[in-house]
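One structure is given below, encoded as structure tokens.
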Amino acid sequence: MKTTREEAKEESHKNLVDDLQELLEKNYNAEKGFKNAMEGRKHSGLKQFLKKQSLQKDQFVTELEHLIRSLNDVPKEKGSTKGDLHRTWMDIKTALSSNKDEALLEECIRGEKASKKEYEKKLKESYYTPEVTRIITAQLEEINNTLAKVKTLEDLADD
């Protein structure tokens, strides 16, 4: 029979791994979304942005996978069905828009804002080890940096 302390420790571990798995899944989805969005883009500045974002999400995935493994758990191997649906929606919205680059960029920005909200929620509502907090905070800072660059990209899309 487990003590209350052992049960609490197991529950805390489970919650931590679940949080990391959710962020991992979100980043798998985002990485695929940015790769998908690069296809057919003619504007080199926008294409570079999308490529950089895809690479950034790949880095986030690697960091999160490492954290999950360090907790003696197995990382998820792919994104969610919800992410697949969002990419389909992006394709449809972009295809119907008169300014395809701007519509695509708006969807990318919406996705980054959702990521920011998710990261902030996790940091606010959970307690993590210093290493986990450092990595999640650094990833959140990168997301914030991306959102700060959005104005420039919106100007590019308007050209």
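The values are calculated or read from the model by the stated rules, or taken from the named source; none is laboratory data. Just so you know, these numbers come straight off a predicted model, no measurement behind them. Please note: Cβ atoms are built from the backbone with ideal geometry, for glycine as well, and neighbour counts cover all protein chains shown.
Every test in (1) surrounded by 14 or more Cβ atoms within 10 Å (Cβ to Cβ); (2) at pLDDT 80 or above; (3) of a type outside the set (G, A, S) is passed by Y127 save one, and that test is (1). If you go through segment 20-42 and keep only what is more than 16 Å from A114 (Cβ to Cβ) and buried (at least 16 other Cβ atoms within 10 Å of the Cβ), you end up with L20, Q21, K35, N36, M38, R41.
With segment 1-119 as the region, which helices (runs of 4 or more DSSP H) entirely inside it contain at least 3 residues that are of a type in the set (S, T, Y), modelled with pLDDT of 85 or more and within 27 Å of P130 (Cα to Cα)?
4-38, 44-70
Among the residues of segment 110-150, those identified as among the hydrophobic types (A, V, I, L, M, F, W, C), over 12 Å from the mean Cα position of the chain (by Cα) and closer than 25 Å to K51 by Cα are I135, A138, L147, A148, V150. Counting the residues of segment 1-36 that are of a type outside the set (K, R) and farther than 22 Å from E77 by Cβ gives 9.
Only one of the numbered conditions (1) polar (S, T, N, Q); (2) touching a helix residue (DSSP H, G or I) at 6+ places or on another chain (Cβ under 7 Å); (3) exposed (fewer than 15 other Cβ atoms within 10 Å of the Cβ) is not met by N145, and that is (2).
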